[in-house]
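Report on one structure; see the data block that follows.
The values are calculated or read from the model by the stated rules, or taken from the named source; none is laboratory data. What you see is a predicted model; the values in this text were computed from it and never measured. Using ideal geometry, Cβ is built from the backbone for each residue, glycine included, and neighbour counts are taken over all protein chains shown. Side chains included, ligands, DNA and RNA excluded: accessible areas come from the protein's heavy atoms. Shrake-Rupley method; radii C 1.70, N 1.55, O 1.52, S 1.80 Å.
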Amino acid sequence: MDETAQVLSDAVALLRRAGIRLPSGSLDAWDLTLPDGRQLPTRVRASRRPPTPTILTRLLAQPDPVRRLLVVTPRATAHLRTLATNGEVDVIAVNQDLLVFAGERYDVTEAASPTATPTPGAWGRKPWVRWALARALLLSDTAQTQHRLAELLSVSQQAVSLALKQLQAVRRTEHGWFADSPEALLAEYLAGYPGPGGVVTYWYGLDPVIAQATAAVEFCAQKGISVLVSGDPAADVYAPWRLPTRAMLYTDRFVDLSAAGFSAATEAEHTLAVQVPADPTLWRTAEISEPALLADPLITAADVLRAGGPDAAEAAKHVLATIRHKVTL
């Protein structure tokens, strides 16, 4: 998880500890419910470092009549604290357990839970198209034209052309592009892809993991939320190998699963994780694989590894094995 994603995920965990709900919203627009029931629509600006006074002035010069500016950062400077106290901005400073909304500070009453260590990485725009192309070529059983790849990923042919030039293990023929060496392309992808990014919320349920995933998917469908199943439940479909221990879902926006019978949980104790990804290509490459509603095998295998366990590596290997026979030269 990159630094921005970690800051945002830590911020969501801090909201929970303060009794503030996040029932809906996207990565950059959070619809919060304060402890007294008030609704607070915000526009989120996350930063790995406290924004400077110049940046804050620029952000405040772009007012939104509906959404308040919410700055999410590891720590708040004196200037940012002053703006928050005056009600000009809202602030979540994750390393300081600081939450200020509409000029009011909210106390964090629950004990902090362990958080993952941020993974070092480049700060900036991620080449999602390049990694999605690698997945698409590994998952396809025939060569793909540049036009078809652009259509599949809902991007321009120019974006596809640029991304293909950055992949080392692909080749073009008269029939289109394919993985010149599937093993090399897979290794290139696994070495470079940092995960979908975004924000993760954690939940706990009492039912078996597959049943939890099913219930969560049905709840999302009722709410009109797009969802993909990944991790152990998806691996159990692609290549059954181990007893599922944790479920992983991707959704296109935040969802409050407490209404579906789940309880908020920590990263260490959860049975179901729900991630709003920054990578916009997950749904596109999922369409290549069957059945519907599952993240593609490459995303699934990575999530199985992330879930951990003594047999995680072997389970992920079995998932990846399902795609290799599909790649023909």
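Assorted remarks:
- Taking the listed residues Asp252, Asp236, Asp311, the one that is within 16 Å of the chain's Cα centre (by Cα) and either acidic (Asp, Glu) or farther than 24 Å from Thr4 by Cα (or both) is Asp252, with no other qualifying.
- Of the numbered criteria (1) open to solvent by 40 Å² or more (accessible area, probe 1.4 Å); (2) small (Gly, Ala, Ser); (3) within 15 Å of Val200 (Cβ to Cβ), the one Ala78 fails is (3).
- For segment 162-177, a residue qualifies if it is under 26 Å from the mean Cα position of the chain (by Cα) and open to solvent by less than 60 Å² (accessible area, probe 1.4 Å), and the qualifying residues are Ala163, Leu164, Leu167.
- Number of the exception - Leu15 against (1) of a type in the set (A, V, I, L, M, F, W, C); (2) more than 26 Å from Leu257 (Cα to Cα); (3) within 19 Å of the chain's Cα centre (by Cα): (2)
- Every residue from segment 30-57 that is open to solvent by 10 Å² or more (accessible area, probe 1.4 Å), farther than 17 Å from Leu99 by Cα and out of contact with any His (no Cβ under 6 Å at 6 or more places or on another chain): Thr52, Thr54, Ile55, Thr57
- Val209 being β-branched (Val, Ile, Thr) and either over 26 Å from Lys317 (Cβ atoms) or touching a Leu at 6+ places or on another chain (Cβ under 7 Å) (or both): no
- Meets criteria (open to solvent by less than 10 Å² (accessible area, probe 1.4 Å) and under 20 Å from Thr271 (Cα atoms)) for Val199: yes
- Which numbered condition Tyr193 misses (of (1) crowded, with 19+ Cβ neighbours inside 10 Å; (2) modelled with pLDDT of 95 or more): (2)
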